[in-house]
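Trainee: One structure, as structure tokens, below. Some questions next.
The values are calculated or read from the model by the stated rules, or taken from the named source; none is laboratory data. For clarity, every value in this text was computed on a predicted model and none was experimentally measured. Positions of Cβ are backbone-derived with ideal geometry, glycine not excepted, and every protein chain shown enters the neighbour counts. Accessible surface is based on the protein model in full, side chains and every heavy atom, while ligands, DNA and RNA are left aside. Shrake-Rupley method; radii C 1.70, N 1.55, O 1.52, S 1.80 Å.
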Amino acid sequence: MSDHHVYKKVEIVGSSKTSIEDAIENALSECGKSVRNMEWFEVLETRGHIADGKVGHYQVVMKVGFRIVDS
């Protein structure tokens, strides 16, 4: 085990018809299928789509931090 850690961040976009929180959960769930050692996230942008004068879906732009293996 190393006494230091190295991290990388990737930018992802999640969406949901339900809520901002659900958009975050969806993004993290999908990202976790291909990115290991995820440790934190930052929400950079929040936006949505309007359909018939109502929220059609929510969208979040996020950065996800993950630890490089063996660091």
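Trainee: If you compute Rg and Dmax of the Cα atoms in Å for the structure shown, which of (1) 10.7, 30; (2) 15.3, 51; (3) 14.8, 55 do you land on?
Mentor: Identified label for the calculated read-out: (3).
Trainee: Suppose we flag trypsin sites (Lys or Arg not before Pro) only when DSSP calls them loop and at most 14 other Cβ atoms lie within 10 Å. Which is the longest uninterrupted stretch of the chain? Spell out each step's value before the answer.
Mentor: On the way: sites that count: LYS17, LYS33, ARG36.
No qualifying site falls inside 37-71, the longest such stretch.
Trainee: Residues of the chain: accessible area per residue at 1.4 Å, in Å²?
Mentor: Values: 5080 Å² over 71 residues.
So the chain comes to 71 Å² accessible per residue, rounded to a whole number.
Trainee: May I have the count of lysine pairs in the chain with C-alpha atoms under 20 Å apart, counting pairs 8 or more residues apart or located on different chains?
Mentor: Close lysine pairs under the 20 Å cut-off: 6.
Trainee: Roughly how tilted is helix 20-31, in degrees to the nearest 10 and between 0 and 90, from the longest Cα axis of the chain?
Mentor: Result, in degrees: 40.
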